Amino acid sequence: YKRQALATTISKIAFGSCLHQNNPQFIWNSIAQYQPDIFLFTGDNIYADTKKPNVMLKKYNKLANHQEYKNFVASTQVYATWDDHDYGANDAGSEYTQKKESQKLFQDFFNIPKNSPSRKRDGIYDSHLFGEKENIIQLILLDTRYFRGPTIKKLPSIKCPHANHGQQTDKKVSLLGSQQWSWLAQQLSHPAALRIIVSSIQIIPTEHCWEKWSNFPHEREKLFNLLANTNANGVVFISGDRHLAEISKFQHENISYPLYEITSSGMNTRIHGKGEVNSYRTAAENIQDNNFGLIEIDWAANPPKLKMNIINDVGKAVYSLPINLNDINSNR
């Protein structure tokens with residue numbers, strides 16, 4: 001995997017999730033047509049679903065041996081976090097017994113440098129800075145699995161016929177864990193024009209029955225208050241997991257600008273969620289194609305412009321939302 005020089009200005013960030021190693025991989029050719037500077041895996045990068053490290057390794061190798069994937073990563077730099085299936089088990093958290101082995105396989109596969117701080121700590125959370133002066137982009141990759149405490153699961157209902165995740169109201173139960181929360185607060189003190197915060201599960205939406213930050217309402221509120229207290233401007237959330245695509249917009253009472261979240265899922269897996277309610281969605285309906293996301297930044301415009309795109313697996317932009325960078329950055 002390539003690694004970009006830190007001073008390089010980034011203007012195109014592609015991302016995607018829910019990529020099954022056994023399924024066709026032609027989406028890589030569609031992503032390559034857009035010539036992104038970096039690609040972000042946002043989780044379920046393989047479907048491992050095992051407690052056997054040798055089985056997980058075989059599935060990583062299956063992905064690595066797809067020719068389309070090999071061609072793509074030879075010319076584009078890749079960063080990643082994980083979700084439940086590549087972590088090791090459906091909906092898994094800190095109770096997953098093979099998490100240390102899974103961490104090593106993940107970091108080896110994505111060629112995380114041996115001297116990287118993320119190699120020396122539990123979990124795979126990490127951050128990177130690109131660009132200089134007025135063009136700095138901060139990439140923050142959260143780990144929503146390694147430290148996550150117990151969830152509340154309810155019986156399926158008419159509203160939630162397949163999964164029914166309730167709210168965990170015990171405020172001592174964490175989603176990120178104390179170490180990662182402290183680290184995140186430090187990261188948000190870095191100056192940046194644009195901060196891409198990657199969470200495998202959705203942050204803004206609250207109404208669906210699946211995994212999401214609002215299943216831990218105290219943790220979701222803690223995240224928003226941390227952004228407010230650190231005066232962290234220019235935040236855009238990226239998520240995956242859902243096997244649908246959408247852009248959500250949320251105005252928190254303590255944050256001076258609206259928060260946007262681009263959910264892109266899945267790259268080559270079954271899509272569901274048709275007709276699902278999301279009061280924060282910026283469009284009438286979610287996207288029901290296999291897809292990837294693309295953020296384009298026009299630094300030369302005055303003010304700089306940001307364009308958030310959902311692009312289907314054959315390379316057609318099916319939804320785009322343009323904003324000025326100033327709109328999410330009260331300091332500019």
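Identify, from the list K307, K316, the residue that is within 24 Å of R195 (Cβ to Cβ), basic (K, R) and open to solvent by 50 Å² or more (accessible area, probe 1.4 Å).
It is K307.
Filtering S102, S118, S94, S127 for residues that are in contact with a strand residue (DSSP E or B) (Cβ under 9 Å, 6 or more places away or on another chain), touching a residue at least 24 places away in the same chain (Cβ under 8 Å) and of a type outside the set (K, R) leaves a single hit, S127.
Listed here are the helices (runs of 4 or more DSSP H) enclosed by the stretch 16-128 that have at least 2 residues being open to solvent by 10 Å² or more (accessible area, probe 1.4 Å): 27-33, 53-64, 67-75, 99-109.
With the structure loaded, tell me whether A185 is in contact (Cβ under 8 Å) with a residue 60 or more places away in the chain and small (G, A, S) or whether it fails that test. No. Among the criteria (1) in contact (Cβ under 8 Å) with a residue 60 or more places away in the chain; (2) open to solvent by less than 20 Å² (accessible area, probe 1.4 Å); (3) in a loop (DSSP other than H, G, I, E, B), the one Y146 does not fulfil is (1).
If the Cβ limit is 6 Å and pairs must be 6+ apart or interchain, which residue in the stretch 248-273 that is among the small types (G, A, S) pairs with which residue that is open to solvent by 20 Å² or more (accessible area, probe 1.4 Å) and not in a loop (DSSP other than H, G, I, E, B)? Final answer for the pair search is S248/R281. Number of residues in the stretch 149-181 that are open to solvent by 20 Å² or more (accessible area, probe 1.4 Å), touching a Lys or Arg at 6+ places or on another chain (Cβ under 9 Å) and modelled with pLDDT under 95 equals 1.
The values are calculated or read from the model by the stated rules, or taken from the named source; none is laboratory data. Given the structure is predicted, the values throughout are model-derived calculations rather than measurements. Every residue, glycine as well, gets a Cβ built from its backbone with ideal geometry; the counts of neighbours run over all protein chains shown. Just so you know, the surface numbers come from the protein's heavy atoms only, side chains and all, with ligands and any DNA or RNA stripped out. Shrake-Rupley method; radii C 1.70, N 1.55, O 1.52, S 1.80 Å.
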